[in-house]
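*Asks:* Shown below is the structure under consideration.
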Amino acid sequence: QVQLVESGGGLVQPGRSLRLSCAASGSIRSIYGMGWYRQAPGKQRELVAQITSGGTLNYADSVKDRFTISWGNAKTTVNLQMNSLTFDDTAVYYCNAAMNGYTYWGQGTQVTVSS
């Protein structure tokens, strides 16, 4: 079993930055990749950014040039640097991991952009 723990959410003003982190732990035998999804009230969960173990990156069009996903010191931690935040970025952000042939989800961390 793999556990994902997210950190770094909070309340921020428009135009400011936040950094999310997600740490995976448990019985990790293989890693395909990790990523971040988000779900705003009344909307479906959507992909924000993904990174594979080989370093391939994928971003939603709405966050390109503003958000950066990266591995931490080990490929069991993934970071999401979010710059130039807007009201539309308000959502619960979920960490996602493809490991051991399964998909795992974190509990989610709230990001609220408000003036």
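*Asks:* Could you tell me whether the chain comes out rounded, prolate or oblate from its Cα gyration tensor? Rule is a ≥ b ≥ c as square roots of the eigenvalues, rounded for a/c under 1.5, then prolate if a/b exceeds b/c, otherwise oblate. Intermediate values should be presented prior to the final figure.
*Replies:* On the way: a/c = 1.92, a/b = 1.70, b/c = 1.13.
It comes out prolate by the Cα gyration axes.
*Asks:* Shifting gears a bit: Counting only protein heavy atoms, what percent of the accessible surface of the chain is carbon or sulfur at a 1.4 Å probe? Spell out each step's value before the answer.
*Replies:* Details: 2850 of 6160 Å².
Here carbon and sulfur together make up 46 percent of the probe-accessible area.
*Asks:* Would you mind telling me the antiparallel percentage of the DSSP bridges in the chain, rounded to 5?
*Replies:* 95 percent
*Asks:* Further question on the same structure: Pop the C-beta distance of Gln44 and Ala74 into the FRET formula with R0 = 30 Å and round what comes out to the nearest 0.05. Mind showing how you got there, number by number?
*Replies:* Working: r = 32 Å, r/R0 = 1.05.
Plugging the Cβ-Cβ distance into 1/(1 + (r/R0)^6) gives 0.40.
*Asks:* Moving on to the next point. Top mean-square fluctuation among Thr86, Thr103, Thr56, Gaussian network model of the chain, C-alpha springs under 10 Å?
*Replies:* Residue with maximal mean-square fluctuation among Thr86, Thr103, Thr56: Thr56.
*Asks:* Among Asn73, Asn100, Asn83, which one shows the highest mean-square fluctuation when the chain is modelled as a Gaussian network with alpha-carbon springs under 10 Å?
*Replies:* Asn73
*Asks:* Mind checking which of Lys75, Lys43, Lys64 has the largest fluctuation in a GNM of the chain, springs on alpha carbons under 10 Å?
*Replies:* With Cα springs under 10 Å in the chain, the top fluctuation among Lys75, Lys43, Lys64 is at Lys43.
*Asks:* Points 7 angstrom from Cα along the Cβ direction at Ser27 and Thr103: gap in nanometres?
*Replies:* 2.2 nm
*Asks:* Here's another thing I want to ask about it. What number comes out for accessible area per residue over the chain if the probe is 1.4 Å? Units Å², please. Could the numbers behind the result be given before it?
*Replies:* Numbers: 6160 Å² over 115 residues.
Per-residue accessible area for the chain comes out at 54 Å².
*Asks:* Tally Lys and Arg at +1 and Asp and Glu at -1 over the other residues with C-beta under 12 Å from the C-beta of Arg16: what net charge comes out? Kindly include the intermediate steps, with their values, before the conclusion.
*Replies:* Details: positive: Arg19, Arg66; negative: Asp89.
My count for the surroundings of Arg16 gives +1.
*Asks:* Using the crude model of +1 on Lys and Arg Cβ and -1 on Asp and Glu Cβ, and no other charge, please compute the dipole size for the chain relative to its Cα centre, in debye to 20.
*Replies:* Numbers: 9 positive and 6 negative charges, 33 e Å.
In total the dipole reaches around 160 debye.
The values are calculated or read from the model by the stated rules, or taken from the named source; none is laboratory data. Worth saying up front: this structure is predicted, and the values here are computed from it rather than measured. Neighbour counts are summed over all protein chains in view; Cβ atoms, including those assigned to glycine, are modelled from backbone coordinates with ideal geometry. Heavy atoms of the whole protein, side chains included, go into the accessibility calculation; ligands, DNA and RNA do not. Shrake-Rupley method; radii C 1.70, N 1.55, O 1.52, S 1.80 Å.
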